[in-house]
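For reference, the structure is listed below as structure tokens.
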Amino acid sequence: MTTKATRAETCVLACAEAWRGAGEILASPMGTIPAIGARLAKLTFSPELLLTDGEALLIGDVPAVGAEAEVVEGWLPYRRHLALVATGRRHVMMGASQLDRHGNQNISCIGDWARPTRQLLGVRGAPVNTLNNPTSYWVPRHSRRVFVERVDMVCGVGYDRAAAAGPSATRYHRLAHVVTDLGVLDFETPDRTMRLRSLHPGVTVEQVVEATGFELAVPDEVPYTRAPTDEELRLIREVIDPRGMREHEVPPA
């Protein structure tokens, strides 16, 4: 009998699925739940996935979140990390302060760039990430503050701007999944605008639409996000995140 998963554990599984079948590439999860998800993928359906310690080491084991690795496989200084990014051998899961229907992401500022009302993280590596390797997003609070009609500043490049820039921008550009506390979204539509891919158990289509600040593509039938198996739940709870840090990022519904 399958044990019931919490909302946070469903989000972990949804993040892990972004790396399914990825092969021998570097996983770059940003956030607690994406980090747990990458480790889960490594231990189950994507064993060739490469993980780091979050700094400069490629690790050969899968330690619990917050614990040190016992097996080091290689040295990955910043310059080599950039080489991986530029050649597409990485799938990053970034956060987003704002996302629009085309997948343009903002993590830099809120308000007009010349005089913003809020200063955020900054553009960082978002443009290079989105144009050179597969990119997914993790949003722990699905709301109209994040999912907006137009981002205040473009950091991560969406499908419309990549297309406008031409073949040099579209060649390796791919936005895979957007995972939130309500469901999973993607861009599998004819015009590459955001679509509702699945709902987390207990969430309705109406809830997602109400929490989204633009017209979202919604199929006639929206499946539920796959629930973790008993073995996946055991790995999450006992091996990867025994301290339950996932529940702090997405509290029980």
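Test HIS177 against the stated conditions and say whether it is within 14 Å of THR130 (Cα to Cα), in a loop (DSSP other than H, G, I, E, B) and either modelled with pLDDT of 95 or more or open to solvent by less than 60 Å² (accessible area, probe 1.4 Å) (or both). So HIS177 does not fit the description; no. Screening the stretch 216-248 for residues that are outside any loop (DSSP other than H, G, I, E, B) and open to solvent by 60 Å² or more (accessible area, probe 1.4 Å) and picking the one that is nearest to HIS177 (Cα to Cα) gives TYR224. All of (1) touching a residue at least 24 places away in the same chain (Cβ under 8 Å); (2) open to solvent by 80 Å² or more (accessible area, probe 1.4 Å) hold for PRO251 with one exception: (2).
Out of curiosity, is THR193 hydroxyl-bearing (Ser, Thr, Tyr), in contact with an Asp or Glu (Cβ under 9 Å, 6 or more places away or on another chain), open to solvent by less than 80 Å² (accessible area, probe 1.4 Å) and closer than 20 Å to ILE33 by Cβ? Here the answer is no, as THR193 does not meet what is asked. Might you let me know whether the stretch 33-47 holds any residue that is part of a helix (DSSP H, G or I), touching a Lys or Arg at 6+ places or on another chain (Cβ under 8 Å), free of Cβ contacts under 8 Å to residues at least 60 places away in the same chain and open to solvent by less than 10 Å² (accessible area, probe 1.4 Å)? Within the stretch 33-47, one or more residues are part of a helix (DSSP H, G or I), touching a Lys or Arg at 6+ places or on another chain (Cβ under 8 Å), free of Cβ contacts under 8 Å to residues at least 60 places away in the same chain and open to solvent by less than 10 Å² (accessible area, probe 1.4 Å).
A single member of ALA5, ALA14, ALA27 is open to solvent by less than 10 Å² (accessible area, probe 1.4 Å) and touching a helix residue (DSSP H, G or I) at 6+ places or on another chain (Cβ under 7 Å), and it is ALA27. Within the stretch 50-64, being under 19 Å from the mean Cα position of the chain (by Cα) and buried (at least 17 other Cβ atoms within 10 Å of the Cβ) holds for LEU50, LEU51, THR52.
Within the stretch 129-157, if we keep just the residues that are of a type outside the set (Phe, Trp, Tyr) and open to solvent by less than 10 Å² (accessible area, probe 1.4 Å), the residue that is nearest to PRO251 (Cα to Cα) turns out to be VAL139. Within the stretch 200-211, the set of residues being over 27 Å from ALA162 (Cβ atoms) and open to solvent by 10 Å² or more (accessible area, probe 1.4 Å) comprises PRO201, GLY202, THR204, VAL205, GLU206, GLN207, GLU210. GLY244 meets the conditions (1) in contact (Cβ under 8 Å) with a residue 40 or more places away in the chain; (2) under 22 Å from LEU43 (Cα atoms) in every case but one. The failed one is (1). Within the stretch 192-208, the set of residues being in contact (Cβ under 8 Å) with a residue 12 or more places away in the chain and outside any strand (DSSP E or B) comprises ARG192, THR193, MET194, HIS200, PRO201, GLY202, VAL203, VAL205, GLN207, VAL208. Restricting attention to the stretch 101-128 and to residues that are part of a loop (DSSP other than H, G, I, E, B) and of a type in the set (D, E, K, R), the residue that is least open to solvent (accessible area, probe 1.4 Å) turns out to be ARG101.
Within the stretch 78-88, is there a residue that is of a type in the set (S, T, N, Q) and modelled with pLDDT of 95 or more? Scanning the stretch 78-88 turns up no residue that is of a type in the set (S, T, N, Q) and modelled with pLDDT of 95 or more.
The values are calculated or read from the model by the stated rules, or taken from the named source; none is laboratory data. This one's a predicted model, so the numbers in the text were calculated from it and none came from an experiment. Cβ sites come from the backbone with ideal geometry, for glycine too, and all protein chains shown count toward neighbours. When the accessible area is computed, the model is the full protein with side chains, heavy atoms only, and any ligands, DNA or RNA have been set aside. Shrake-Rupley method; radii C 1.70, N 1.55, O 1.52, S 1.80 Å.
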